[in-house]
Protein chains: 4
Amino acid sequence: MSNIKNIAVLTSGGDAPGMNAGIRAVVRTGIYHGLNMFGIRRGYDGMVQGEIFPMDAKSVANIIQRGGTVLKTARSEEFRSPEGRQKAYEHLKKLNIDALVVIGGDGTFTGASAFLDQFDIPIIGMPGTIDNDLSGTDFTIGYDTAINTVVDAVDKIRDTAESHDRLFVVEVMGRDSGLIALRSGISTGAEAVLIPELEVDYDAIMKRLDKTRKNKSSRIVIVAEGDKEGGMVVADKIQANFPSYDVRLSILGHIQRGGRPTCMDRVLASRLGVASVEGLLEGRKGEMVGLIGGQVQFTPFGKAIKHIDKVNTNLTRIVEILSL
Amino acid sequence: MSNIKNIAVLTSGGDAPGMNAGIRAVVRTGIYHGLNMFGIRRGYDGMVQGEIFPMDAKSVANIIQRGGTVLKTARSEEFRSPEGRQKAYEHLKKLNIDALVVIGGDGTFTGASAFLDQFDIPIIGMPGTIDNDLSGTDFTIGYDTAINTVVDAVDKIRDTAESHDRLFVVEVMGRDSGLIALRSGISTGAEAVLIPELEVDYDAIMKRLDKTRKNKSSRIVIVAEGDKEGGMVVADKIQANFPSYDVRLSILGHIQRGGRPTCMDRVLASRLGVASVEGLLEGRKGEMVGLIGGQVQFTPFGKAIKHIDKVNTNLTRIVEILSL
Amino acid sequence: MSNIKNIAVLTSGGDAPGMNAGIRAVVRTGIYHGLNMFGIRRGYDGMVQGEIFPMDAKSVANIIQRGGTVLKTARSEEFRSPEGRQKAYEHLKKLNIDALVVIGGDGTFTGASAFLDQFDIPIIGMPGTIDNDLSGTDFTIGYDTAINTVVDAVDKIRDTAESHDRLFVVEVMGRDSGLIALRSGISTGAEAVLIPELEVDYDAIMKRLDKTRKNKSSRIVIVAEGDKEGGMVVADKIQANFPSYDVRLSILGHIQRGGRPTCMDRVLASRLGVASVEGLLEGRKGEMVGLIGGQVQFTPFGKAIKHIDKVNTNLTRIVEILSL
Amino acid sequence: MSNIKNIAVLTSGGDAPGMNAGIRAVVRTGIYHGLNMFGIRRGYDGMVQGEIFPMDAKSVANIIQRGGTVLKTARSEEFRSPEGRQKAYEHLKKLNIDALVVIGGDGTFTGASAFLDQFDIPIIGMPGTIDNDLSGTDFTIGYDTAINTVVDAVDKIRDTAESHDRLFVVEVMGRDSGLIALRSGISTGAEAVLIPELEVDYDAIMKRLDKTRKNKSSRIVIVAEGDKEGGMVVADKIQANFPSYDVRLSILGHIQRGGRPTCMDRVLASRLGVASVEGLLEGRKGEMVGLIGGQVQFTPFGKAIKHIDKVNTNLTRIVEILSL
């Protein structure tokens, strides 16, 4: 049915836990269907430079539990130009590669779209980013691990906050999206969560902190890095408003990207890896594969990367109710 | 609108991580809506014995991250009889308790149905069980933590299996349901997964183990405890079929129940806790609250406890493809 | 033999994992020997304010596994003056408290010395600080947990460093001591470790980084916060020297203080808690109890707080050898 | 000074976390001193079969954090005979291997002694076993990780025990040694610990359990697998003595061997790896390298494997005092 014989897989953009589980699933599904499978190192840059090599079932053994990506990832200026993409295409041609699976975020799919427009080679995308900021899937690969890492970290900080009667402002990842902040805020019993999607109502926050003054010996305020002001400004404002508080700031930083993937991320990456190869064999292209309500769904790249506001106002309301 | 003024919450059945997050959410949501909140110790047994006490916002502070249930749980023979339930009802009356939230599994909801039939007191159920064997919710509270505990354990066992070129049969929880086995099997790259819902095809399993003989230096077979034969028989059969293998059995046991809940279980329990109280205030009763496709849904007790076969044949197929 | 009947325990200075295990051991050992036990909240400040309460065996149940300190900790300006200490002493007198166990670091023992000089009340100190910067014990309570937290975090960062071919400068705690940096550096295969006790030889570091350029795709440099220049300056210097590197900075911050204590910290705190009470009963005072080579030892406060240079040059040499 | 030019390293006996850190340290220290380094797969069996290969600095990259052993381990019947050892020796000769580092336990060192007697080839041993049952080192590589794994597991079981008011008998590893049981018992607040080195005084245990009946809602009894009766018998006896208790048994099994090594095990393995190679260069042989009181020490194989009773009666006393 399908003419596809040789598929290559790459990871691009920021690394996310579960990417390795995704690579493994893509490679093994291809082999299961009798295809030849290839890996491309360092994303589009490696494609431009021709860092492409065959992968067999064994080459993805014992990686499902590892963070990061064994294929590595990088930015590529060259791939943004038609000439760069032409070089990449020639490397693929030389190895008779018919189709691609690309794992990454919106930048990855934008690149894939440009490549597809230029050469009409089938490409399926898999959502691999800790930010969960794509349409067409309930969760992206890496998101569940990242929020659990944040929750572990904030649980530790809460120990210190409780011991010293302190308020901690914790800045978490999420440049355009408050989804890491929101779920980790609910999970750690944060008193307030500030996210880029919503205007901050400082009056309301200060009132809530004041109201809970008697009940609480520790307080946690979670701020997404993409928030207009950022953790440091928020910490200063709270300190200025409540001079008697002992306010501290903690910026979690890069620990949020790494680590062994959770069960959910491994299952998600495995399911999407199978579906992406089988999608290509069914003739699909230019689409991102995702899970919506537990079912595999395909969404055109152009729609997947549109930052539809996923902020669940139920979640923001829950922060407010439970921070009593 | 609602006449409900006093709500009590209890946990029943096997403990599950996230139950504390659920209790916290129920208590704080009630207080948020101006209600008086009560806790019942040790499930229906405590209700029969009158172990009921008021709870305020502070009484659920600092429990969201803790495994088990601060309200404790127990079996109750007495509650199965109308006389036992009568005693329980009188304890509620004395404290003017108008409504209940019960957190547990199918036994919990069966008990709740009987009580509701007898006294027409509004009850909402929350799905709290590691087995994920209820209809009306994609995931039960505790399931995500339990599968991550299994995955952590099997990752450790894989280290030893790799070092010694061994095959490990790992028995995991799931008396009637293979959902823990299936997802943890995919997540740990298990070579085979045996579950109660499916007839075991030993020929196929032996063939698959044989086929992968060359590629693999370690092998993991996951068996749900509810499987017809159980881990020990499976281990013996594999050993008999492959005398040269070094086959070992590991029964994970009770570690699967405890531990700090994952982010997903905390968020799930928090959302359902809010929804259960607000459901009561809207006049609901005799229903379990769940999340389906990310949305809050209510399902009558009778339907929730029906063991509809949730086995996703996609998942069993994925085990086969990826164990190449 | 001993006239001691009533002992109070407090925690002071920065919180450290294992303090709760220490409190538990002190309280239960006192009860075991027939004494009345008291807790003092918020360190010396609580002593000055009279926040003292009786503790029984149950009051320390289920805390051995928890980070932070259930007795809380705080700074106290007032306790630095003879008048403040006089107030504290009167609160103790009122409750007939004969002796104290204080858990903390050098500030804690300095305060204890002043109190002991003024009122001749027996005090034994327990080393509770993540920094391991005291004489008279091989390890302080909290140190082992803190270095494991650092190692977990750097393992995660290494995933990202490997995926992106990056160099990460990671700043860890240790204002006056490089012991957290040194052991976590060895444990994470760091290419270099910068500590306050040693002059930084940038030439040597740059040479080592350059030499390993071919072998390595990721590099980690650990910097103790007490290092003369700090993580940011170090990162800038490396970037300036190797413009082609992708250098990032991560400051781990407060997550290093919290978390469930490791086995080693729980055993250490338990052993020292027993020994501190039994030391008091044997007539000891003004000493810190520690473990040296696995044996309980007592060291006068004045000697314990002297920052003897504990830097094991074997360890710095090991970093160099193993970062090949 | 030394004539040694080529060193091979192997792991033998049960795998232990930190073995990889030890292999890495041996290989890199050899390279640092200008030697050629080799790995032997699957312990003495691989040596007999000639599974020997060169190792460079890169071949041990990114393994310090991984459980198990990348060199694998196995039993060898053949190596027990002079003829088998002769075969092994000839494989070494062919590659001009002058000296060996063997990582394992008492069986490993017994084999090394026989080999050394037969061929006078320098061998240094490193203590790699989770049991901590060797003389000549305070701790063996893997012990600290194993006890932390046990503590994590028992903390989880305690959640369930607390929720259900149960008594759990937990069987942990330690065929001849109660050291895992003892330290994990102290760390988890176990009510009793049964170890092979001490006669069990059931009367005393039953009295202690009875005495604590009022204070406690959960109870944990830790039994070393080498205990005369084992977990199941102990559980039955307690159940018979206290029919009202809800007694459960949990056998932790193989999860105790694997997992990412703790900081302590990584540092220990790194230090001993450096010392073993440098010991060989100084002319040492037939000795195990260990850390005693933080200092590197060498102990003849014959003495290291003598099961001197390491049971610290201080520790058994601490269990009793703190289980009040």
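Bear in mind these aren't lab numbers, they're just calculated from the coordinates by the rules spelled out. In this text, all values refer to a predicted model and were calculated from it rather than measured experimentally. Using ideal geometry, Cβ is built from the backbone for each residue, glycine included, and neighbour counts are taken over all protein chains shown.
Tabulated data
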{"quantity": "The range A:90-150: Cα Rg divided by the 2.2 N^0.38 Å rule of thumb", "calculated": "1.34"}
{"quantity": "Pseudo-label separations to other copies for residue B:54 - Cα-to-Cβ vector, 7 Å, nm", "calculated": "2.6, 7.7, 8.0"}
{"quantity": "In Hz, Karplus ³J(HN,Hα) per residue of the range A:283-292 (6.51, -1.76, 1.60; θ = phi - 60°; x = Gly, Pro)", "calculated": "x, 6, 6, x, 10, 9, 8, x, 10, 10"}
{"quantity": "Nm distances between copies for residue D:5, ranked from closest, using label points 7 Å along Cα→Cβ", "calculated": "5.1, 8.1, 9.6"}
{"quantity": "Peptide-level mean, for A:24-33, of C-beta atoms on other protein chains within 10 Å", "calculated": "3"}
{"quantity": "Proximal lysine pairs, the range A:223-324, alpha carbons under 22 Å, eight or more residues apart or interchain", "calculated": "5"}
{"quantity": "Alpha-carbon Rg/Rh ratio, for the range C:96-255, with Rh computed the Kirkwood way", "calculated": "1.12"}
{"quantity": "Inter-copy spacing of residue D:245 label points, which lie 7 Å from Cα along Cα→Cβ, given in nm from shortest upward", "calculated": "3.8, 4.9, 5.8"}
{"quantity": "Cα-derived Rg over Rh, computed across the range D:275-324 with Rh taken as Kirkwood radius", "calculated": "1.23"}
{"quantity": "Rg/Rg_ref, the range B:173-311, where Rg_ref = 2.2 N^0.38 Å and atoms are Cα", "calculated": "1.37"}
{"quantity": "Under 13 Å from residue B:207, Cα to Cα: aspartates and glutamates that are on another chain or at least 8 residues apart", "calculated": "B:191, B:320"}
{"quantity": "Two-decimal ratio, the range D:55-108, of alpha-carbon radius of gyration to 2.2 N^0.38 Å", "calculated": "1.39"}
{"quantity": "For D:281, A:134, order by how many other beta-carbon atoms lie within 10 Å, fewest first", "calculated": "D:281, A:134"}
{"quantity": "Built amide H within the under 5 Å cut-off of residue B:103, gap 5+", "calculated": "B:10, B:11, B:12, B:126"}
{"quantity": "Gap separating the Cα centres of the range B:248-281 and the range A:75-105, nearest whole Å", "calculated": "44 Å"}
{"quantity": "Relative contact order %, the range C:23-123, counting alpha carbon pairs below 8 Å whose residues are six or more apart", "calculated": "25 percent"}
{"quantity": "Per-residue ³J(HN,Hα) for the range C:295-300, Karplus 6.51 cos²θ - 1.76 cosθ + 1.60, θ = phi - 60°, Hz, x for Gly and Pro", "calculated": "10, 5, 9, 10, 10, x"}
{"quantity": "Set C:94/D:211; B:216/C:216; B:72/B:93; A:211/D:216 screened for pairs whose C-alpha atoms are more than 26 Å apart", "calculated": "C:94/D:211; B:216/C:216; A:211/D:216"}
{"quantity": "Long-range HN-HN contacts of residue A:5 with modeled amide H, under 5 Å", "calculated": "A:98"}
{"quantity": "Residue among B:194, B:249, B:182 with the largest mean-square fluctuation in a Gaussian network model of chain B, springs linking Cα atoms under 10 Å", "calculated": "B:249"}
{"quantity": "Cβ-Cβ FRET estimate between residue C:90 and residue D:165, R0 fixed at 41 Å, reported to 0.05", "calculated": "0.40"}
{"quantity": "10 Å Cβ neighbours from other chains, averaged over peptide D:88-100", "calculated": "0"}
{"quantity": "Sequence-distant aspartates and glutamates (8 or more away, or on other chains) whose Cα lies within less than 12 Å of residue A:5", "calculated": "A:98"}
{"quantity": "Rounded to 10°, Cα long-axis angle of helix A:313-322 versus longest principal axis of chain A", "calculated": "40 degrees"}
{"quantity": "Descending principal axes extents, chain D, alpha-carbon based, whole Å", "calculated": "69, 36, 32"}
{"quantity": "Top positive-direction residue, dipole computed over the range A:1-101 with Cβ charges, set A:63, A:74, A:37", "calculated": "A:63"}
{"quantity": "Interatomic Cα distance distribution for the range B:51-177, bins of 5 angstrom, percent", "calculated": "2, 8, 14, 16, 16, 14, 11, 7, 5, 4, 3, 2, 0"}
{"quantity": "Kirkwood hydrodynamic radius over Cα pairs of the protein assembly as shown, then Stokes diffusion coefficient at 20 °C and 1.002 mPa s, in µm²/s", "calculated": "67 µm²/s"}
{"quantity": "Beta carbon of chain A nearest to the axis of the rotation taking A to B, residue and angstrom distance", "calculated": "A:293, 2"}
{"quantity": "Relative contact order of chain C, pairs being alpha-carbon contacts under 8 Å that are 6 or more residues apart, as %", "calculated": "24 percent"}
{"quantity": "Loop sites in the range B:99-203: GluC sites (Glu not before Pro), DSSP, at most 16 other Cβ within 10 Å", "calculated": "B:199"}
{"quantity": "Point-charge dipole on Cβ atoms (K/R +1, D/E -1) for chain B, about Cα centre, debye to 20", "calculated": "700 debye"}
{"quantity": "Principal axis dimensions, largest first and in whole angstrom, of the range B:165-220 by Cα", "calculated": "34, 22, 15"}
{"quantity": "Of all DSSP beta bridges in the protein assembly as shown, antiparallel share, percent nearest 5", "calculated": "25 percent"}
{"quantity": "Under-5 Å amide H pairs with residue D:260, H placed in peptide plane, nonlocal only", "calculated": "D:67"}
{"quantity": "Cleavage-rule hits (GluC sites (Glu not before Pro)) in the range A:54-143: DSSP loop, at most 13 neighbouring Cβ within 10 angstrom", "calculated": "A:77"}
{"quantity": "Dipole in debye (nearest 20) - the range B:26-161, about Cα centre, beta carbon charges: Lys, Arg +1; Asp, Glu -1", "calculated": "520 debye"}
{"quantity": "Shielding by other protein chains, D:142-149, mean Cβ within 10 Å", "calculated": "3"}
{"quantity": "Helix-derived mean residue ellipticity, 222 nm - over chain D, DSSP H n ≥ 4, -39500 (n - 2.57), to 500", "calculated": "-13000 deg cm²/dmol"}
{"quantity": "FRET E, pair residue C:120, residue D:198, Förster distance 41 Å, beta-carbon r, rounded to 0.05", "calculated": "0.45"}
{"quantity": "Two-site label geometry, residue D:56 and residue D:211: point separation in nm, points 7 Å out along Cα→Cβ", "calculated": "6.5 nm"}
